[in-house]
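The values are calculated or read from the model by the stated rules, or taken from the named source; none is laboratory data. As the structure is a prediction and not an experimental result, all values here were calculated from the model. So basically every Cβ, Gly included, is an ideal-geometry build from the backbone, and we count neighbours across all protein chains shown. In case anyone asks, the SASA skips ligands and DNA or RNA and just uses the protein heavy atoms, side chains included. Shrake-Rupley method; radii C 1.70, N 1.55, O 1.52, S 1.80 Å.
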Amino acid sequence: PHPGKPTIESGTLENPLAQSYEAMCLILFSINGGSHRLVVAANRDELYARPSARADFWGDHPGVLGGRDLSLGGTWLGINRNGRFAAVTNFREPPPDPLPPRSRGDLTRNFLTGTEDPYTYLASLDADASDYRGFNLVVGDGTRFFYYCNRSREIVELGDGTYGLSNQLLNCEWPKVVSGSARLAYLQSTDFCANDLFTLISDGQGSSEPFSAPFISSAEYGTCASTVLTVSQSGEVYFEERGYATGGAADGVVSYRFEVCGD
C-alpha cells in the first residue's frame, strides 16, 4: 500500500443515501479469489440508441480489448493484453450546471493505453477531477488494483476480496450491490463458469425501488451489455460480452481468450 493512503478489504466502505437521478450500472468483481487474480461480472446501462461498438481489440490501440462509445471514443470497461484493467461508472447526482467539459470514458481509455502505474495515474487525475461529472473508477495493472471517486477524492488500494460498485461509493448498501457481492463471494468457493457469472447479473426482478434490479430493460433505456472477465493466476484471460437491445432482447455475443503478456 502506498504510504499515507488508505487500504481497504472488501465490505468496508459505506455510501451516502442513493438518489434516483440515473439508472444504475453494476460491476461485481473479486481480486485474488482462489485460482483467479481478477473476476468481473458487469452490466452497462445506457440508452439503447447511443451508438457503441461491441467489445473487440481496438484498431488504434491493438492491445486494448473492450467495448467503445462511438460518440466520444471512450470505454466503460476494458483490459489490455499486458493485464491493465479499467472500469468506470457514473455517480448518481443531479447534473451539474454547467456540465464539465471532459468525458468519463476517457478515464478508462487513457489508463488502458498508457504506461503509468495505477496509483500515479489516479494521483495525476485527481488534479483534474472537477473536469468530469461524478464518477467511480477502478484501475489495476494485474498485480495492484485501486479505486477512486471524484466525489470522495480518495485513492484507495484494494485488498484481496470481493467488491460491488454501482453509482454511489464502492460497496454501498444498495441491495443489488450487497447481494451481488455476497453471491460472487460464494461462487469463488465453487467450480464456477462464465454462465454462472452471467446468471449473477441477469436478474431483472429487484425490489420495489426503481432500478434496483441488476438487469434493467425498458423501451429506451436499459442494460445494453453484460460482460464477464476472468484472469487466472497464470495470466489466462477470458472475456465475453453479451449485447442487448430494446426491451432486453438479445443482440449478439462476442468472446475472446488470450494470455497476459509483458508490455
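Structure values in brief
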item	result
Test: residue in the stretch 6-27 that is at pLDDT 90 or above, at negative phi and surrounded by fewer than 19 Cβ atoms within 10 Å (Cβ to Cβ)	no
Residue in the stretch 58-72 that is modelled with pLDDT of 95 or more, assigned to a strand (DSSP E or B) and of a type in the set (Phe, Trp, Tyr) present	no
Hits in the stretch 193-214 - residues which are open to solvent by less than 30 Å² (accessible area, probe 1.4 Å) and at pLDDT 90 or above	Ala194, Leu197, Phe198, Leu200, Ile201, Pro214
Criterion violated by Ser202 - all others in (1) under 17 Å from the mean Cα position of the chain (by Cα); (2) farther than 13 Å from Cys25 by Cα satisfied	(2)
Identity of the residue in the stretch 140-179, under 22 Å from Glu209 (Cβ atoms) and β-branched (Val, Ile, Thr), that ends up least open to solvent (accessible area, probe 1.4 Å)	Val177
Residue match in the stretch 181-188 (condition: at pLDDT 95 or above and within 16 Å of the chain's Cα centre (by Cα))	yes
Enumeration of residues in the stretch 220-249 that are surrounded by fewer than 20 Cβ atoms within 10 Å (Cβ to Cβ), in contact with a helix residue (DSSP H, G or I) (Cβ under 9 Å, 6 or more places away or on another chain) and touching a residue at least 60 places away in the same chain (Cβ under 8 Å)	Glu220
Condition broken by Ser124, with the remaining ones in (1) surrounded by fewer than 17 Cβ atoms within 10 Å (Cβ to Cβ); (2) touching a residue at least 24 places away in the same chain (Cβ under 8 Å); (3) among the hydroxyl-bearing types (Ser, Thr, Tyr) satisfied	(2)
